[in-house]
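To start, the structure itself, in structure tokens.
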Amino acid sequence: MENNSNLLLKWQDFEKVDMRIGTILEVNDFPEARKPAYQLTIDFGTEIGIKKSSAQITKRYSKEDLKAKQIIAVVNFPEKQIGNFMSECLVLGSVAENNDIVLLTSDLKVENGLRIG
């Protein structure tokens, strides 16, 4: 196995990543995106509020599948312009072959905004 010591994070680095649980409120098509994607509106609770994200998850999920689903996202990245859309958080998922993404979710319904740690 290759030595990846230069890729190791310090605990202080990990603590900077603010991952939270949020509920998808709205899902819209994003025809302007270069790769197939949805525009998501996500509720992260009273402390963080509502954020938007672009997610390339159209292979596995329909818009109906996503509505009211609780997901995990990084909420403290700077905003990123994607076409005519401003993405405010990064929805997390595992990436399989052919960019087939499976969302990271909570197996139980929990309060929006809970921190992942």
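Just so you know, all these numbers are worked out from the coordinates, no wet-lab data involved. Given the structure is predicted, the values throughout are model-derived calculations rather than measurements. FYI the Cβ positions are ideal-geometry reconstructions off the backbone, even for glycines, and counts take in every protein chain you see.
A few notes on this one:
- Which of D100, D107 has the fewest Cβ neighbours within 10 Å, and the rest in rising order: D107, D100
- GNM flexibility winner over the chain from D43, D29, D13 (Cα, springs under 10 Å): D13
- The stretch between K59 and L25, if pulled fully straight at 0.36 nm per residue, gains 10.3 nm over its current Cα-Cα span.
- Local electrostatic count at I24 - Lys and Arg +1, Asp and Glu -1, tallied over other residues with Cβ under 12 Å: +1
- With a cut-off of 9 Å between beta carbons, the residues surrounding R115 carry a summed charge of 0, where Lys and Arg count +1 and Asp and Glu -1.
- GNM top mover of K35, K69, K51 - the chain, alpha-carbon springs below 10 Å: K35
- Which listed pairs, of K35/K63; K16/K80; K16/K59, have C-alpha distances above 24 Å, in listed order: K16/K59
- Counting neighbouring Cβ atoms within 10 Å and putting the fewest first, the residues T105, T46, T41 line up as T46, T105, T41.
- Put in line by how crowded their Cβ is, counting other Cβ atoms within 10 Å and starting with the fewest, K52, K109, K80 read K109, K80, K52.
- Additional length obtainable on full extension of the chain from K69 to L104, 0.36 nm per residue less Cα span: 11.6 nm
- Rounded to 0.05, the FRET efficiency of the L8 and R34 pair, given R0 = 30 Å and the Cβ-Cβ distance, is 0.35.
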